[in-house]
Amino acid sequence: MQEPPRPCNKEAVIGENPYRVGVLGSGKGSNMVAIADACAARAIPARIAIVLSDVEQAGILGHARDRSLTAEFLHPGKFRTRLDEDAERAYIRRLQEAEVDLVVLAGFMRILKGEFLRAFPGKIINIHPSLLPAFPGLEAWKQALDYGVKVTGCTVHFVDEGVDRGPVIAQETVPVLPGDTPASLHERIQQAERRIYPQVVGALAQGKIVVKGRQAVWLREG
Ligand code: GRF
């Protein structure tokens, strides 16, 4: 059984030692904003300790700085789809220095491998814009539209060595409507993402999720 991420001490929610989240993103940052706003509103017992991006001009960094969060561009190195060894070490180091309890991938367009996964075992989550295992990979909303499914959605999952493959934590369905374009469908999926991602971070912060094999199990209250 995989160790669950460190649960938050409920007494520490408003205190000095909240559950610390590191966010990695390459894009506009709407998921990071949803999580940051939920933290700021104390809707979830967590705080964003650091935001890292492999894209210097990414919106996610601007949104983080607007919220006075630590936000840094870290060069990804020489590869296009993953971090090179030096970059991987730099990302790990900054996350460890920030003492994160959880690494949240929010539109980070690089595959994380070996050393990174070993540095944060069972503590990395991702959001994907389809109902996995359907439509892994890029532009999942477009894949769903092209395929002709009537329902798609989004998935929050733990990250393992596979691509879009780790244990599923939460999913929300989104209907495909007549006349949908890739953009309109993607927008509704992103609205669902902004609902479920903060909920999952909050549940992990409170130790409400454990992993048994492929099953991410939500523990009941009481
Ligand atoms: C989301 O649609 C997510 O599903 C995918 O990347 C996108 C990131 O969007 N992994 P944002 O940068 O959080 O707005």
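Numbers below:
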| read-out | value |
| --- | --- |
| Under 21 Å between alpha carbons - lysine pairs in the chain that sit 8 or more apart or on different chains | 8 |
| Heavy atoms of residue 217 accessible to a 1.4 Å probe, total area in Å² rounded to 10 | 50 |
| MRE, 222 nm, helices only [DSSP H, n ≥ 4, -39500 (n - 2.57), over the chain, to nearest 500] | -9500 deg cm²/dmol |
| Debye, to nearest 20: dipole size of the chain, +1 on Lys, Arg Cβ, -1 on Asp, Glu Cβ | 340 |
| Candidate residues 105, 177, 69: accessible-area rank, largest first, probe 1.4 Å | 177, 69, 105 |
| Percentage of interatomic Cα-Cα distances in region 167-222 larger than 16 Å | 54 |
| Normalised alpha carbon radius of gyration of region 100-222 [divisor 2.2 N^0.38 Å] | 1.08 |
| Ranked order, 173, 155 - accessible area, probe 1.4 Å, largest first | 173, 155 |
| Probe 1.4 Å, protein heavy atoms only - accessible area per residue of the chain in square angstrom | 50 |
| Under 5 Å, built H, 5+ apart or other chain: amide partners of residue 51 | 23, 70, 71, 72 |
| Heavy atoms of residue 30: accessible area, 1.4 Å probe, square angstrom to 10 | 20 |
| Accessible carbon and sulfur surface of the chain relative to its total accessible area, %, 1.4 Å | 51 |
| Gaussian network model of the chain, Cα within-10 Å springs - most flexible of 82, 118, 194 | 118 |
| Within region 120-159: backbone nitrogen closer than 14 Å to the residue 218 label point (7 Å, Cα to C-beta) | 155-157 |
| Distance histogram in 5 Å bins (all Cα pairs of region 97-161, percent per bin) | 4, 16, 25, 21, 14, 10, 6, 3, 1, 0 |
| Relative contact order (percent, whole number), region 33-188, Cα cutoff 8 Å, 6+ residue spacing | 14 |
| Distant-in-sequence amide H partners of residue 131 (H built 1.01 Å from N, under 5 Å) | 153 |
| Cα convex hull of the chain, projected area averaged across orientations, nm² | 12.3 |
| Solvent-accessible surface (1.4 angstrom probe) belonging to residue 127, in square angstrom, nearest 10 | 10 |
| Exposed-site-free run, longest, the chain (rule: GluC sites (Glu not before Pro); DSSP loop; at most 10 other C-beta within 10 Å) | 57-220 |
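The values are calculated or read from the model by the stated rules, or taken from the named source; none is laboratory data. The structure presented is a predicted model; accordingly, all values stated were derived computationally and were not measured. Don't worry about glycine lacking a Cβ; one is built from the backbone with ideal geometry, like all the others, and counts go over all protein chains shown. Just so you know, the surface numbers come from the protein's heavy atoms only, side chains and all, with ligands and any DNA or RNA stripped out. Shrake-Rupley method; radii C 1.70, N 1.55, O 1.52, S 1.80 Å.
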